[in-house]
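Below: one structure, written as C-alpha cells.
Derivation of every value follows stated rules applied to the coordinates shown; laboratory data play no part. Keep in mind it's a predicted model, so treat the numbers as computed, not measured. Glycine gets a Cβ as well: all are built from the backbone with ideal geometry, and neighbour counts include every protein chain shown.
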Amino acid sequence: MDALASDLTSIANQASSSRAPAYLKVLKSLLARPASELPADQLQRCLSAYLDQAVFSDTNSTGGNLVVGRQVLSDFDLAVVEAGASSQGEGGEDATMGQNDPAIKDEEVRRTVFEDALEKVQPRVISFEEQASSLRQHLSVLLEESEDWLEAARVLQAIPLDSGHRSVSDLYKLRTFVRIVRLLLEGDDAVGADTFLKRASLIVHNVPGAISSSSASAMAASSSSQASVSEKDRQEARSLGLQYKLCQARIYDSQRRFAEAAIRYHELSYVGEIDEGDRNHMLSAAVTASILAPAGPQRSRILASLVRDERTASLPQHTILTRVLLDQIVRPAEIASFEQLLAPHQRATLPKTTNDGIVAAAGPSDSDGMDVEVGEEEYQESKRHGPSTVLDRAMMEHNILATSRLYTNITLQGLGSLLDLSAPGAETMARRMIAQGRLRAEIDQVDGLILFKAHATGRDVGPQTVTAGGKQGQSGSGGAAGGSGGGEGESAGGATGNDQGMADGQGTGGGGDDDDDPNAVYTKRWDASIAKTASGVEDVCARLRAKHLIPA
C-alpha cells in the first residue's frame, strides 16, 4: 500500500497530459499480480485507494484537470472488464481459479470493485455521468450472469437518460429500456416491465430500422434517416425492434391480454431473422394465448388465421385449437391435457369477485327449492359459482358460445350442468358475455332460460328449431332435443340431446358431418356472406327503382 501511495503521489506531480497513461500502467500492474501475492481483500483496498487518489482527488477532479479524472475512470472500467474477459474459457464459462491467477478474475471480486467505484462516484455523478453509466452497464452484465435479474434491472434504472449534461442517442435509450424490460420479465415483475416498455414505445419509432413502417411518408422519412446510419447500428436497431415486440407480447401474456399476445407472437413467428426453434416456440405461444383469449369475434379471427397456418398441424395444441375454432364443446379430459402445456402465470387462480359472494349466498336457484328431475336421475346443482383459473374461465366462455351454436335456448340449470357451475353462476357468465357484445342472447329470468339469437355465419344458415333444457322442440330440419320434444338421446343436466353429438357438432341439434371439416365450415360461412351481400344489393336496387333513379 505504501509503494502504491508513493507511485500515485509522484504521478500527480507530473504534467496533466502524461498522468492518464502513468495511472493506467500502475493499474494494470495491480490487476496482473497473482492472488498468492495480492489476495482479493487487499486488491480491493488497493483499487479503492487508487480511485481516491487517481480519480476523485482535487488534483484530477476539479477545474481543467477533470478531463484527467474522467479518462482515468474510463480506463479503470475497461481494464476491469478486460481482466474479466480473459478469465472466460472458450465456452464462455469461468475458468478455474489458480493460485497464480490474479484475484480480479473472480466474478465476485469484480462485482465488489464495480459497486465500490459506483459508491465513490455517486456524490460527483454529474461530473462523471458517462463513466458512471458505463460502470452500471458492466455491473448489470455481472448480475445478469449470476441470474440476479431484478438487481441487474435496478442498476440499469439508475442510468440518467434524460440528463441535460450529455447527449444520449435514441438508440442508446432504446437499448437500455429493452434490456431493463427483459430483466424485469425474467424476474417476474410484469408491472415494472410494462412501465419501461411504455417509455421505450415513445422512442422506438425514432430509431431507424427498429420498427418497419407501412405508410409511404414514414418509409420515405425512414430511408432518408437510414442513409446516415451505419450498417452496424441498423442491424442493432432491427434486433432491438424484434426484442421490443417480443417483450410486448410477453407483457400482454402476463397481463392476461391473450388476444393481443397471440397476434404479436404470430407476427414474430414469421420473422426470418429469428431461429427456427424460437419461431416454433412463438407459434406455440400464439396458439396457447389464442385459446385462452376471451370467446368472441376477435378470438375467432385469430383462431382462423392460426388454423390456416400449416405449421400448427405439428403442435400438440392442434386438436383443441381445431375444436375451439369449430365451436365444438371442449370436454374436461381435453382441458386437462391442454393445461399441462401452460406456463405458471397462465394457471393463475382468479380472485373472487363481489358477485361470486352474492351468488354463493343466494343458495339454490330453482324456484321450488327442490331438485329438478331429468330422466331417471336428479339434477344436483354444482357448488361452484364461477371459474377458478384463467383456463377455466376461457373454456367456460367457449362452451357457452358453442352451446349457442347448437341450441336456440337452454335452461340456466342445463347450462350450469354443462359448465359445472351453479345456475346463478352460469347466468352471471352469460350476462357478462352479453354485456361485452361477445354473445348474442337474452336471459329470461322468469322461466330460467337463455334465448340465443341467430348468428350471421355459415353455421347458422337456415331455420334453427332446436331447443334444450326442458322446453319442447319443434320438428324441422334441425331435429328436436330435450324435455318432451322428439329428440333422441339421454337428457343431461337440463340440456338434452345426444351428449357426444353435442360435443362433436354431430348430434340432433348440431350440424352434419361437414362441421368437422374446416374447409366445409369456411365454405358455408363464405356462402352466407355472399348471400347476405347479394340480398343487400337487391334491396338497394329495389329502392333505387322505386325512386326511378335506375331503369326498371
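Of note:
- Close amide H pairs (under 5 Å, H built 1.01 Å from N) link LEU449 with LEU412, ASP444, residues at least 5 positions away or on another chain.
- Cβ-based charge dipole, the range 1-158, positive-most Cα from ALA22, LEU139, ALA83: ALA22
- Residue order for VAL55, VAL125, fewest other beta carbons within 10 angstrom first, comes to VAL125, VAL55.
- Computing FRET efficiency as 1/(1 + (r/R0)^6) for LEU78 and ALA333, where r is the C-beta to C-beta distance and R0 is 56 Å, gives about 0.40.
- Distance from the Cα centroid of the range 102-165 to that of the range 330-352 is 41 Å (rounded to whole angstrom).
- Of the peptides 538-547, 425-434, the ranking by mean beta-carbon count within 10 Å, highest at the top, reads 425-434, 538-547.
- R0 of 56 Å, Cβ-Cβ distance SER29-ALA304: FRET efficiency to nearest 0.05: 0.25
- From least to most packed, judged by other beta carbons within 10 angstrom and beginning with the fewest, ILE211, ILE410 follow the order ILE211, ILE410.
- Long-range amide H partners of LEU439 with built H, under 5 Å: ILE434
- Flagged links, alpha-carbon separation over 29 Å, of LYS524/LYS547; LYS120/LYS245; LYS453/LYS524; LYS198/LYS232; LYS25/LYS120; LYS120/LYS198: LYS524/LYS547; LYS120/LYS245; LYS120/LYS198
- Calculated FRET efficiency for the pair LEU150/THR319, C-beta based, R₀ 41 Å, to 0.05: 0.60
- Pairwise label distance in nanometres, ALA520 with GLU108, each label 7 Å out on the Cα-Cβ vector: 6.9 nm
- Listed from fewest to most Cβ neighbours within 10 Å, the set TYR407, TYR522 follows the order TYR522, TYR407.
- For ASN409, nonlocal amide neighbours, meaning residues 5 or more places apart or on other chains whose placed amide H falls under 5 Å from its own, are PHE452, ALA468.
- Listed peptides 76-84, 160-168, 242-250, 396-404 by packing density, highest first (mean Cβ within 10 Å): 396-404, 242-250, 76-84, 160-168
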